[in-house]
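Rule-based calculations on the coordinates, nothing more; no lab input. Computed from a predicted model, the values in this text were never measured in an experiment. Neighbour counts run over all protein chains shown; Cβ positions are idealised from the backbone, glycine included.
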Amino acid sequence: MLKLESKNMLNPKNWITLYADYLLNFAYFRLRDRALAEDLMQDTFISALKSQHTYNGTANEKTWLTAILKNKIIDYYRSKLGKQSKITDSIDNNTNNDYFNEETSFHWFEKKQPQDWNNPEKTIENSEFNTTLADCMKKMPEKLAAVFTLKYIDDEATETICKEVGITSSNYWVMMHRAKLQLRECLEKNWFRK
């Protein structure tokens with residue numbers, strides 16, 4: 001009797017050819033460490049092979065492998081960031097004093113006001129901008145970059161990020177504030193002032 005092949009069947013022999021570059025880039029952009037990205041990509045393939053019997057065909061191979069990799073990245077951040085000390089629950093005055101004038105009800109200092117980014121949608125599609133963005137994210141402390149990436153790259157809910165990374169919601173908001181300020185400053189220096 002002939003066995004019919006479903007179009008949703010896994011084909012592990014082709015995974016490296018079809019998905020290795022995509023998964024490596026996916027991991028690298030989130031981890032900022034090529035060797036670690038390669039390790040987690042390999043772990044993804046191994047885990048997928050071991051658990052292929054659980055694949056139900058509702059997602060295509062690429063989506064399924066990406067979900068496995070994403071979970072591995074979250075596990076990495078959870079273990080790495082869980083060992084680090086927690087960030088304070090309030091924004092320190094030095095951070096605020098760099099950007100906001102306390103004497104004018106915390107309005108922006110004139111030289112620190114956000115610049116006009118003209119057409120942000122078009123900018124995001126620019127590969128040179130994406131390289132600059134990746135470079136700016138490399139300069140951010142790992143903890144801030146992890147939380148920022150989970151929120152704005154992976155589109156995770158705040159509650160999920162707090163649970164996965166092991167931080168309080170007030171820690172989360174402080175970290176997001178700091179990450180946005182650092183990223184904005186770096187992008188304005190390295191991209192928008194070109």
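Details
- A crude spin-label estimate for the pair Glu188 and Thr168, with each label 7 Å from Cα along the Cβ direction, gives 3.1 nm.
- 25 Å Cα-Cα threshold exceeded, pairs from Lys80/Lys138; Lys13/Lys50; Lys62/Lys139; Lys70/Lys138; Lys13/Lys163; Lys62/Lys189: Lys62/Lys139; Lys13/Lys163; Lys62/Lys189
- When the alpha-carbon atoms of the range 12-83 are used, the pair Rg, Dmax equals 12.1, 37 angstrom.
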